[in-house]
Structure formats: C-alpha cells, structure tokens
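Scroll down for the structure; my scribbles are underneath it.
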Amino acid sequence: MTYEELLEKNRQYLWNPFTQMKEYCEDEPLIIERGEGVKLIDVKGKEYYDGNASVWVNPHGHNREEINQAIMEQLEKIAHSTLLGSANVPAILLAERLVAITPESLQKVFYSDSGATSVEVALKMAYLYWQHRGQSERQRFLSMGNAYHGDTVGAVSVGGIDRFHSAFRQLIFPVERVTYPYPYRFQGTEQECMEASLKELRTVLDEKGSEIAAIVVEPMVQGAGGLIVMPSGYLKEVEGLCRAYGTLLIVDEVATGFGRTGKMFACEHEGIEPDLLCLGKKLTGGYLPVAATLASNEIYDAFLGNHAEGKTFFHGHSYTGNQLGCAAALASLDLYEKENRIGHVQALDAWLGQLLSETAQLPHVGEVRRLGWMVGIELVQDRETKESYPWKEAMGAKVCRYARELGMLTRPLGDVITFLPPLVSSKEELQAMVSILNQAIREVTGS
Ligand SMILES: *Cc1c(COP(=O)(O)O)cnc(C)c1O
C-alpha cells in the first residue's frame, strides 16, 4: 500500500495519542514500516535515527534477533493465559530476575500492562496497606509538582504537569504537592534550590504527615516534566523523611529504570530502598506492553489472611503477566548481561557529554541537562535572561519537525528537546544524532 493510501486511512480511521489531529492530518505524518538497530524506516523507505528510543522504551535497538527468537519460541507454546488465580512459566522466571536486580527491599512482583497501571497498582497497594494495618487515617498521597506518572486517572492525580493535567482537575483525587527542585529556574544556588524544596516537604509532613499514605517520586530525573535532574542528595533526603514520618515511598522508575541514567535503576545513585517500585517502558526491551510494580514483603504480608477477611488485592488486568511479553523481558535482561549494556552506557558517558558541550554553547540553548543517556535541551529566546519562547510559537515542536527532515526522530516537551537514544547506540551513532540536533536547533532558532 502506498504512503498516500495509508495516510488517507489514517485520516479517516485513526486517532493518535497526545496529538492534535487537525494539525496532524494537515501535515505529512510519519508512517513507520520497519526498524533496524537504532533506525526506523518509513513506508517511503526513508531512514531515521530513533532519537528518543520510540518514546523511551527501546534499549537494544529494533528487530533484535535474540528477542524475536524468544518471542517466537514462546509463541510455539502459548501466547497468553491468565494470571488471575494461576501462573505461567515466564511470569514466574521474570519475577525472580526482577527481584534479584532491584533494591533489596523489593521482594514481590505484581504485573500490569503500562507504566500508568504500574503506578495505579502502587497507589492502591499503599492505600490498602494502611487500611489493613488499621491506620486508615493514612489516605492521602504526596507527590512532586511537575511530576508525570502516566495518563490513567489515579496516575494523573499524582501528576503535576499543568499542560497535561489541568483539564482533568474535576476528575482527580486531591493530593499534597511540593515544589520539585528545578535549579535552572531557581533564583539561587542548586543547594538553596534543594533546601527550599525540602523545607516545603518538611512543612507538609509536619502538618499532615500522619495522613500521608505514601510519597511518590520519579527518582533522580523528572521525565515528562522536562527532564529535570535532581540536585545530588535530594532523593536520599526524601527517603529519610519518609522513614522519619512513617510514610511509604513509591518510586516511579518507568522512565529511569533499566540503565537509562547509567545505573540499572536510578535508586542506585543514592542507595535508596523504596517500599514500592514501578517499572515499564524498557522492561520488555521495547517490544511488548508489560509493566510491573514491585513491593516489599511488609506490604505483601499485610494483604495475607483468610478469604473472609477481605484482604485480597482486588486488582488485575486481562493481559496481566502476558507470556510473550515476559519472554521478551527475559531475553532483554539476557542482552543487558551478554552485551554489558550498562557498562556501554557508562563507557560512552563522557563522550556523550563532550558531544553535547557544543549543543550547550548554541545561542538559544538555555541549558543541557543530563544524567546518563537521559538528556533534556531547554531552548530559550534569551540566554541571558532565560526568557522562554512564547508558548504559541511551539519552538520545540518546530525543531523536532526539522530534525525529522534531517533524519532523526524525537519529541519536544514544550521547549525542552528530549534526547534519549537507544542504549545500544555506538559512538558514531551518538555523534550523528547530536550533530542533527545541533543543526536543527541552529537553523530553526536562527543562530
Ligand atoms: C512514561 C511514564 C509513565 C507512563 O507509562 P505508560 O506506559 O505510558 O503508561 C509513568 N511514569 C513515568 C516516569 C513515565 O516516564
């Protein structure tokens, strides 16, 4: 089928997520047909670097023989059977692997199908944990301003991005929020920025600590909020405050997990031990929608009892623990080991930093923020005053649209250009991608 025919059908039948369909239908949207390594190939045969790893999910590149094979082998046996009241082979084996590689505190794995549902599960577990413990006054959640935890209603409730979330204000449950430290936009030093946020956090906990079921946080880097890296030491302080005020700590590693920040999990940067951990995105090597919520034994144990006690965790999805997805995840974890994926990310860390130092010098780049291979490039109208572009100008979108012409795909978050290349990318591929980014920024911002 030709591009034109497919485009017509897209216009007629398909409603894309996070997409203004009027503009999309008027533009020449991209229609992908194949993937090979770190490149995507559209139906016209044009190749693009996958500069955001297909929205942050792909670690090892596309069309990986090892993962393809694992899925086909599983397919010969069975594609799916339910995890409600029964189990399956890859779901059990994957649970064992996940417990082995995540922080010590986490001992049980509960599956679902997306990052958002892994957060919903964590919120419900935390809420019910306190009910079962007889402390039902702990009903509220505390989250970070500007946070992103997914698009289902519970996940939106603990999210804090106005652009995405304000439309649903009447629909969501109330949450305590503290200002997330954003040093670039703070009047003062990074240390002062961190202290200001922690002070706010302590104040809320002093007033309402006994009502808080859990604090929810994206560890080390806030993702969709603009790729904002926490000041060092902040996460450890948050953990300490959870312990001091007796609330649970929910860590959302959907974006940061599986090596994105240079460690297998971002928790490792500050040695924290959460009570609940949310995983998704790269979990299946970017292949299939499986997500997981990991819980401590203490939380798991609080749900144990006779049927009549009503402590069963009443939550599940039709495709929970899907065999094909779990088989892909096991094959992906094998590749992490076999190809020393984390070692590769670390080995090229300095190289990536060096490449991006040129980006940071561009006249309309306010800041390049980065932890590992998780990069945000904030465009500004004026570098001196840090004045942003008018929102209506959609400068970030224009830069990304032009980068696509130059052969690289990524998406903007407002005027922050996201750069999260597949973790398998070579030195040369990183260089080619950054060079496209620089050219797109230079030409579109006119500098
Ligand atoms: C992407 C993301 C989610 C949501 O995951 P989906 O699979 O898109 O539902 C949740 N939390 C964080 C930190 C994310 O980056």
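Quick notes on this structure:
- Cβ-based exposure ranking for W15, W351, in which fewest neighbours within 10 Å come first: W15, W351
- Restricting the range 345-438 to GluC sites (Glu not before Pro) that sit in a DSSP loop and have at most 13 other Cβ atoms within 10 Å of their own Cβ leaves E384.
- Vicinal HN-Hα couplings computed from phi for the range 12-28 (Karplus, 6.51 cos²θ - 1.76 cosθ + 1.60; Hz; Gly/Pro x): 7, 10, 10, 10, 7, x, 6, 9, 6, 5, 5, 5, 4, 5, 7, 7, 10
- Derived scalar couplings ³J(HN,Hα) [the range 259-273; Karplus, 6.51 cos²θ - 1.76 cosθ + 1.60; whole Hz; x for Gly, Pro]: x, 4, 9, x, 10, 3, 10, 5, 3, 5, 4, 10, x, 8, 10
- Cross-link partners of K39 among aspartates and glutamates, defined as those whose alpha carbon lies under 20 angstrom from its own and excluding same-chain residues fewer than eight positions apart: E28, E47, D50, E65, E66, E339, E405, E428, E429.
- Taken over the C-alpha atoms, the chain has Rg and Dmax values of 21.9, 69 angstrom.
- For the range 225-243 versus the range 265-297, the gap between their alpha-carbon centres in whole angstrom: 17
- Histogrammed with a bin width of 10 Å, the alpha carbon distances of the range 160-278 distribute as 13, 42, 38, 7 percent, first bin at zero.
- Fraction of C-alpha pairs exceeding 21 angstrom in the range 364-447: 23 percent, rounded to a whole number.
- E104 paired with S166, simple spin-label distance in nm, labels 7 Å along Cα-to-beta-carbon: 4.5
- Spin-label pair K427/N340, simplified geometry with 7 Å Cα→Cβ offset, distance in nm: 1.5
- In sequence order, calculated HN-Hα J values of the range 130-145 (Karplus, 6.51, -1.76, 1.60; Hz; x Gly/Pro): 6, 4, 5, 7, x, 10, 5, 6, 7, 10, 9, 10, 10, 9, 9, x
- Between the range 314-384 and the range 139-158, the Cα center-to-center distance that results, in Å: 22
- Difference of contour (0.36 nm per residue) and Cα-Cα distance, F173 to R133: 12.2 nm
- Net charge over other residues, Cβ less than 11 angstrom from the Cβ of M230 (K, R count +1; D, E count -1): -2
- Remark: I212, I41 ranked as I41, I212, counting other beta-carbon atoms within 10 Å and listing the fewest first.
- For Q439 and R34, the difference between the fully extended length at 0.36 nm per residue and the C-alpha to C-alpha distance is 143.2 nm.
- The residues S86, S232, when put in order of fewest to most other Cβ atoms within 10 Å, stand as S86, S232.
- Filter on K208/K311; K236/K281; K44/K338; K338/K398 - keep pairs with C-alpha separation over 28 Å: K44/K338; K338/K398
- Potential lengthening between Y3 and E384 on full extension [0.36 nm per residue; Cα-Cα distance subtracted]: 132.7 nm
- Within the shell defined by Cβ-Cβ distances under 9 Å, the residues around S143 carry a net charge of 0, with Lys and Arg each +1 and Asp and Glu each -1.
- Of the beta bridges in the chain, as assigned by DSSP with both residues counted there, near 70 percent are antiparallel.
- The chain: relative contact order in percent, alpha carbon pairs under 8 Å with at least 6 residues between: 21
Only the coordinates and a few stated rules stand behind these numbers; no lab work does. What you see is a predicted model; the values in this text were computed from it and never measured. Quick reminder, even Gly has a Cβ in these numbers, built from the backbone with ideal geometry, and neighbours come from all protein chains shown.
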